[in-house]
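Asks: Sharing a structure here in structure tokens format.
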Amino acid sequence: GKNDLKAFMEEHFDQNLSINEFAKLSGRSISAFKSEFKRTFGSSPMKWLLEKRLIHAKYLIEQMGYAIGQAAFVSGFKSHAHFSRSFREQFGSSPIQSVKLKNLSDK
């Protein structure tokens, strides 16, 4: 059945699923999913998922001490290269630079 889209996506964003799979699991057709998603989040599903996963991975790396590859995987990324490139575009530094900056600020 159809469930609350916001709660569903907040709970499942880290699963490596296609937009079609997210739509099906949320109980919606792909067109209904995309339309409701835009109304709910003000963004496309792909853009929102990427940003949400990056923020989650950054938190895991900087606050929880996860290894970069582990944080990427746990956050829903299939490819380490895609994760690193997207991280740099989103935050202006590589994941490794982010770890080094975190370590410097802890001293």
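The values are calculated or read from the model by the stated rules, or taken from the named source; none is laboratory data. Bear in mind that the values here come from a model prediction, so they are computed numbers and not experimental data. Cβ sites come from the backbone with ideal geometry, for glycine too, and all protein chains shown count toward neighbours. These accessible areas exclude ligands, DNA and RNA; they are computed on the full protein's heavy atoms, side chains included. Shrake-Rupley method; radii C 1.70, N 1.55, O 1.52, S 1.80 Å.
Asks: What are the residues in segment 18-41 that are within 18 Å of the chain's Cα centre (by Cα) and free of Cβ contacts under 8 Å to residues at least 12 places away in the same chain, if any?
Replies: Ser18, Asn20, Glu21, Ala23, Lys38 - these are the residues of segment 18-41 that are within 18 Å of the chain's Cα centre (by Cα) and free of Cβ contacts under 8 Å to residues at least 12 places away in the same chain.
Asks: Right, another one. Consider Leu101 carefully, then state whether it is surrounded by 13 or more Cβ atoms within 10 Å (Cβ to Cβ), free of Cβ contacts under 8 Å to residues at least 40 places away in the same chain and out of contact with any Cys (no Cβ under 6 Å at 6 or more places or on another chain).
Replies: no
Asks: Ile61 - would you say it is open to solvent by 90 Å² or more (accessible area, probe 1.4 Å), farther than 30 Å from Lys2 by Cβ and β-branched (Val, Ile, Thr)?
Replies: Considered against the rule, which asks whether it is open to solvent by 90 Å² or more (accessible area, probe 1.4 Å), farther than 30 Å from Lys2 by Cβ and β-branched (Val, Ile, Thr), Ile61 comes out as no.
Asks: Let me ask something additional. Taking segment 48-107 as the region of interest, how many residues are under 19 Å from Met9 (Cβ atoms), out of contact with any helix residue (DSSP H, G or I) (no Cβ under 7 Å at 6 or more places or on another chain) and of a type in the set (Ser, Thr, Tyr)?
Replies: Looking only at that region, the number is 1.
Asks: Cβ contacts < 6 Å: first residue under 12 Å from Ser98 (Cβ atoms), restricted to segment 61-74; second residue in a helix (DSSP H, G or I) and charged (D, E, K, R), any location; separation 6+ or different chain. Result?
Replies: Glu62/Lys102
Asks: Another question about this same structure. Go through Lys34, Lys52, Lys78, Lys47 for me and flag whichever is among the basic types (Lys, Arg), at pLDDT below 95 and open to solvent by 50 Å² or more (accessible area, probe 1.4 Å).
Replies: Result: Lys78 is the single residue among Lys34, Lys52, Lys78, Lys47 that is among the basic types (Lys, Arg), at pLDDT below 95 and open to solvent by 50 Å² or more (accessible area, probe 1.4 Å).
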